[in-house]
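Here the structure is laid out as structure tokens; the discussion comes afterwards.
The values are calculated or read from the model by the stated rules, or taken from the named source; none is laboratory data. In this text the structure is predicted, and so the values were computed from the model without any measurement. Note that we place each Cβ from the backbone using ideal geometry, even for glycine, and neighbour counts take in every protein chain shown. Areas reflect the complete protein model, heavy atoms only, side chains present, ligands, DNA and RNA absent. Shrake-Rupley method; radii C 1.70, N 1.55, O 1.52, S 1.80 Å.
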Amino acid sequence: MSIRSSFRTILGILLLSTSCGFAVGQTIWHVDDDAPNDPGPGDVTVSDPLEDGSPAHPFDAIQEGIDAAAVGDEVVIADGLYAGLGNRDLDFHGKGITVRSASGDPEKCVIDCELSGRGFYFHSGETSAVVLEGLTIQNGASVESGGG
């Protein structure tokens, strides 16, 4: 078997596995709006300049973690209160990912929509591959339908 043939076989397997919804490699993206390196704790408009979703430089808005994630990835949210832009009307864009609190305790990880939107907006063909775990959503509102 030639190198070119081997490459085609491996590429075909990778393409098949991702198109069938299987994760090739799982990445964990971290969110913490009050991280030690964040110059604007609780303010998503002032971010750590090295913010990359790693444990040392987590995103400070949940949507940033969701946007970075690929099928099969996890977005892990540190305990705290998440409000404002990037923390409501959260859109998975059809990706089968897990969004969960770091502690697993929904009383410690709260998304406050401040009556300005819904918690999550599933409208892009999301499937049962989407997992939400260990979160409380409060004060959701929507003029269309649903508030949670």
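Filter the stretch 6-37 for residues that are in contact with a Ser or Thr (Cβ under 8 Å, 6 or more places away or on another chain) and at pLDDT 85 or above and give the result.
His30
Applying the selection to the stretch 41-88, what residues are out of contact with any strand residue (DSSP E or B) (no Cβ under 7 Å at 6 or more places or on another chain), within 14 Å of Val130 (Cβ to Cβ) and surrounded by 21 or more Cβ atoms within 10 Å (Cβ to Cβ)?
Listed by number, the list is empty, since nothing qualifies.
Go through the stretch 111-133 and count every residue that is within 9 Å of Phe92 (Cα to Cα) and either polar (S, T, N, Q) or open to solvent by less than 70 Å² (accessible area, probe 1.4 Å) (or both). Working first, answer last.
If we filter the stretch 111-133 for residues that are within 9 Å of Phe92 (Cα to Cα), which is where we start, we get 120-124, 126, 130.
Going one step further and asking which of them are either polar (S, T, N, Q) or open to solvent by less than 70 Å² (accessible area, probe 1.4 Å) (or both), we end up with 120, 124, 126, 130.
Residues that pass the stated criteria total 4.
Take the residues of the stretch 93-148 that are among the aliphatic types (A, V, I, L, M) and assigned to a loop (DSSP other than H, G, I, E, B): which is farthest from Gly65 (Cα to Cα)?
Val143
Please name all residue pairs, on different chains or six or more residues apart, with Cβ atoms under 7 Å, provided the first residue is in the stretch 79-106 and is farther than 13 Å from Glu126 by Cα and the second residue is of a type in the set (Lys, Arg) and in a loop (DSSP other than H, G, I, E, B).
Partner pairs satisfying both residue conditions: Asp79/Lys108; Arg88/Arg118; Asp89/Arg118; Ser101/Lys108.
Please enumerate the residues belonging to the stretch 89-110 that are over 12 Å from Glu133 (Cα atoms) and either of a type in the set (Phe, Trp, Tyr) or open to solvent by less than 50 Å² (accessible area, probe 1.4 Å) (or both).
Within the stretch 89-110, Leu90, Asp91, Phe92, Gly94, Lys95, Gly96 qualify.
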